[in-house]
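Below you'll find the structure, written out as structure tokens, and then a few comments.
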Amino acid sequence: MSRLFPAPLLSVALFVLWLLLNLSVSPGNILLAAGLALFAPLLLAPLRPQHAHVKRPWVVLKLVARVGIDVVLSNVQVAAGVLRMGSRAPHSAFVHIPLELREAHGLAALSMITTVVPGTVWSELALDRSVLLLHVFDLKDEAAFIEHFKRVYERPLMEIFE
């Protein structure tokens, strides 16, 4: 069964999305959706990385909630920084963050988190995955920022994936 459906959730999602995007459940669209749901995962299976193993699902929920809160707070902070640009320019800086996280899925999640949170940009990852170069829009205290980043994002990801 797994050879026919290497990614069953992806197959179901493709089937449903095809029908939703076409706003039709005609026999032709159902046939096309079934073909897409069957053949796309089979053809793309060699491109998929190894499967992620989530060790603590509750930590995932806490991390998602924390990232959501940080997105809102960071939006407000960046907007305030832009609005007061004339009176006090933001102190933008590149920060080298030493990483303990080495798992590929965890690093991918960390890169998405830094992309979603306004005011931070993932700039570079060392070849040995030991140091992350991050650009911060308005950096007040580098040591405090690094400690916050590691405590709030890296450690939960280590709990989830390692």
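Average 1/r across all pairs of distinct alpha carbons in segment 8-47, invert it, and you get the Kirkwood radius: 10.1 Å. The modelled label-to-label distance for the pair R48/F94, using points 7 Å beyond Cα in the direction of Cβ, is 3.8 nm.
Considering Cα pairs under 8 angstrom that are at least six residues apart, work out the relative contact order of the chain and quote it in whole percent. Spell out each step's value before the answer.
On the way: 176 pairs, mean separation 39.7, N = 162.
Relative contact order comes out at 24 percent.
Legend: ranking of residues H53, H105 from fewest to most surrounding C-beta atoms inside 10 Å; resulting order H53, H105. Note on W122 and W58: their simple-model spin labels are 2.8 nm apart, each label 7 Å out from Cα toward Cβ. Ranking of F15, F161 by neighbouring Cβ atoms within 10 Å, starting from the fewest: F15, F161.
The rule of thumb for compact globular proteins, 2.2 N^0.38 Å, goes into the C-alpha radius of gyration of the chain 1.36 times. Just need log10 I(q)/I(0) for segment 79-139 at q = 0.15 Å⁻¹, Debye formula, equal scatterers on the alpha-carbon atoms, no solvent, rounded to two decimals. Log-scaled intensity ratios, in q order: -0.51.
Please work out how much length the chain gains when fully extended from V82 to S2, using 0.36 nm per residue of separation minus the C-alpha to C-alpha distance, in nm with one decimal. Please report the intermediate quantities before stating the final value.
Details: separation 80, 0.36 × 80 = 28.80 nm, distance 5.17 nm.
Contour length minus Cα-Cα distance gives 23.6 nm.
Among all helices in the chain defined by DSSP H, which have a length of 15 Å or more along the axis from Cα atoms plus a Kyte-Doolittle mean of at least 0.5? Those that clear 15 Å and a mean of 0.5 are 8-22, 27-44, 57-83, 104-116.
The residues L125, L61, when put in order of fewest to most other Cβ atoms within 10 Å, stand as L61, L125.
Using alpha-carbon pairs under 8 Å, 6+ residues apart, how would you state the relative contact order of segment 1-53 in percent?
Details: 35 pairs, mean separation 23.5, N = 53.
That works out to 44 percent.
Per-residue ellipticity at 222 nm, computed for the chain from helices alone with -39500 (n - 2.57) per DSSP H run of at least four residues, works out to -17500 deg cm²/dmol.
No lab work stands behind these numbers, since they all come straight from the coordinates. Since the model is a prediction, treat every value here as computed from it, not as a measurement. Note that each Cβ is placed from the backbone with ideal geometry, even for glycine, and that neighbours are counted across all protein chains shown.
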